[in-house]
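Quick notes on the structure that follows.
Each reported figure results from applying straightforward, stated rules to the coordinates on display, with no laboratory input. Nothing here was measured: the structure is a model prediction, and the numbers come from that model.
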């Protein structure tokens, strides 16, 4: 696996985001429009792509500033054929390293209660469930997590 740091203008990232959005439109159902408003790419400057055998696109993830100490993990996605191979954990660890390099000390994120694989990923990587933060405070199908980065 090869991890590449880039930004939201990257064509491969945009391709994966289209796949992710199509998947979420199905799993989110009627709530997709609500969640979609928080997933625009124009505020994302830090993206990690994962390539298998140097050229086959396997997954992505991103971070964006939430406040002066915190980044929000966004747009985590693994291509179906690469799931359960450690792609998402590798991307998440790289995002955490980048978070540290940028002098932030906490990652937060939101995922849907129906996203069982994502919930398992975050728990297995040391993320703790927290009260839903600002954007998702009243969203009944949202589950929020945090991890302190030292």
Report task. Quote the relative contact order of segment 38-150 in percent (integer), defining contacts as alpha-carbon pairs under 8 Å separated by 6+ residues. Result -> 21
Query raised in the report: Do the sum for the chain: with -39,500 (n - 2.57) for every DSSP H run of n ≥ 4, divided by all residues, what is the mean residue ellipticity at 222 nm, to the nearest 500 deg cm²/dmol?
Result: -9500 deg cm²/dmol
Report summary line: Rounded to two decimals, the Debye log10 I(q)/I(0) of segment 83-150 (Cα scatterers, no solvent) at q = 0.18 Å⁻¹ is -0.70
Query raised in the report: Which residue, 75, 53, 106, has the most motion in a Gaussian network model of the chain that connects Cα atoms within less than 10 Å?
Result: 53
**Report entry** Equivalent ellipsoid, segment 2-148 (semi-axes from 5 times Cα gyration tensor eigenvalues, Å)
**Finding:** 21, 18, 15
